[in-house]
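Worksheet: one structure, shown below.
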Amino acid sequence: MTLLIGGTGKTGRRVADRLRRQGIDVRVASRHSATRFDWNDESSWEPALDGQRAAYLTFYPDLGLPGAADRVGALAELAARRGVEQLVLLSGRGEPLAREAELRVQNAGTGWTIVACSWFAQNFSEDFLAGAAAGGDIRLPAGDVAEPFVDAGDIADVVAAALTDPRHRGRRYELTGPRALTFTEVAAELSRAAGRTIRYTAVDHEEYEGILRDAGLPVELGDMFRGILDGRNAEPADGVQEALGRAARGFAEYATEAAATGVWGAAPVR
């Protein structure tokens, strides 16, 4: 079996779909699934790992936060003791603390693959920015920094391959989209796809901490964004091509598909 920690999330559920289509038994583990897993409750870890050949690790709320590397490292070492052969870690591109977690997985004693990703395109339709986009105003402390947003479907394709094909063991892939966009350009793409105006408003970090509090998210995310939204990730990487032999999906294609669901309001009539 293959364990998917966070298997109900943006990437996890997509990985589960891909593996099931291949006839692979999947164990989905989260705080509210049949197999319970909680990063803050170590008693839930061993039952989730029992009998698993491979595992996909996603850390909530973000691998770039203090303390995450210690928890991921402890789980990876437990997985090695329990006979897990392959770990695939979802990491954050350009996040120093996430890099610490990567090293802990690499040194745990199992096979491993690291999938280090830029911002997900689906953050605008399935996560904390979905409500802001639907409301017509995306407020972030990003200035005019550009990001090569990556599609969650591409991430899932790479993760599924890494969980099943030993040729990906010992590899670290940086996954991005094919082109970097500023958040102003993102808002324009969303507006085009949705057929209504969606704008981006740059805010300072103090105001953004208040937005995080109102959303019930850790204010420490603001400190993390302060670091990574400095242009360090603006250059696209070729990890999707390297892992899968095909180009990464573009943001415009994602926006068109997401808009058709009505997530940001009525999509244009075609």
List every residue pair whose Cβ atoms lie under 8 Å apart, where the two residues are 6 or more positions apart in sequence or sit on different chains, the first residue falls within the range 248-260 and is surrounded by 22 or more Cβ atoms within 10 Å (Cβ to Cβ), and the second residue, located anywhere, is part of a loop (DSSP other than H, G, I, E, B) and at pLDDT below 95.
A259/A267; A259/P268
Determine which single condition G195 fails, assuming it passes every other condition in (1) within 22 Å of S125 (Cβ to Cβ); (2) at pLDDT below 95; (3) surrounded by fewer than 17 Cβ atoms within 10 Å (Cβ to Cβ).
(2)
Aromatic (F, W, Y), without any contact (Cβ under 8 Å) to a residue 60 or more places away in the chain and within 29 Å of E242 (Cβ to Cβ): does that describe F183?
yes
Limited to the range 216-241, what total is found for residues that are touching a residue at least 12 places away in the same chain (Cβ under 8 Å), more than 19 Å from F251 (Cβ to Cβ) and in a loop (DSSP other than H, G, I, E, B)?
4
Tell me, yes or no, whether the range 233-242 has at least one residue that is at pLDDT 90 or above, more than 20 Å from the chain's Cα centre (by Cα), surrounded by fewer than 20 Cβ atoms within 10 Å (Cβ to Cβ) and closer than 26 Å to G94 by Cα.
no
What are the residue pairs meeting all of these: first residue in the range 54-75, first residue of a type in the set (S, T, N, Q), second residue surrounded by fewer than 22 Cβ atoms within 10 Å (Cβ to Cβ) and part of a helix (DSSP H, G or I), Cβ atoms under 9 Å, and 6 or more apart or on different chains?
none
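Here is a yes/no grid of residues against (1) closer than 19 Å to D137 by Cα; (2) out of contact with any strand residue (DSSP E or B) (no Cβ under 9 Å at 6 or more places or on another chain):
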{"site": "E207", "(1), (2)": "yes, no"}
{"site": "R213", "(1), (2)": "yes, yes"}
{"site": "M224", "(1), (2)": "no, no"}
{"site": "G231", "(1), (2)": "no, no"}
{"site": "E242", "(1), (2)": "no, no"}
{"site": "R249", "(1), (2)": "no, no"}
{"site": "T256", "(1), (2)": "yes, yes"}
{"site": "A260", "(1), (2)": "no, yes"}
Looking only at the range 52-81, and only at residues there that are modelled with pLDDT of 95 or more and of a type in the set (D, E), the one that is farthest from V28 (Cα to Cα)
D70
Select from the range 52-76 the residues that are of a type in the set (A, V, I, L, M, F, W, C) and part of a helix (DSSP H, G or I) and write down the one among them that is farthest from V105 (Cα to Cα).
A68
Spot the failing condition for R213; the list is (1) among the basic types (K, R); (2) in a helix (DSSP H, G or I); (3) under 15 Å from S118 (Cβ atoms), and only one is missed.
(3)
How many of the residues making up the range 104-147 are at pLDDT 95 or above, surrounded by fewer than 22 Cβ atoms within 10 Å (Cβ to Cβ), assigned to a strand (DSSP E or B) and charged (D, E, K, R)?
1
Members of the range 3-51 found to be outside any loop (DSSP other than H, G, I, E, B), small (G, A, S) and surrounded by fewer than 14 Cβ atoms within 10 Å (Cβ to Cβ), listed by number:
S43
The number of residues in the range 192-205 that are in a helix (DSSP H, G or I) and out of contact with any strand residue (DSSP E or B) (no Cβ under 6 Å at 6 or more places or on another chain) is 3
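The values are calculated or read from the model by the stated rules, or taken from the named source; none is laboratory data. Predicted model only: the values in this text are computed from it and were never measured. No Cβ is skipped: glycine too gets one built from the backbone with ideal geometry, and neighbour counts run over all protein chains shown.
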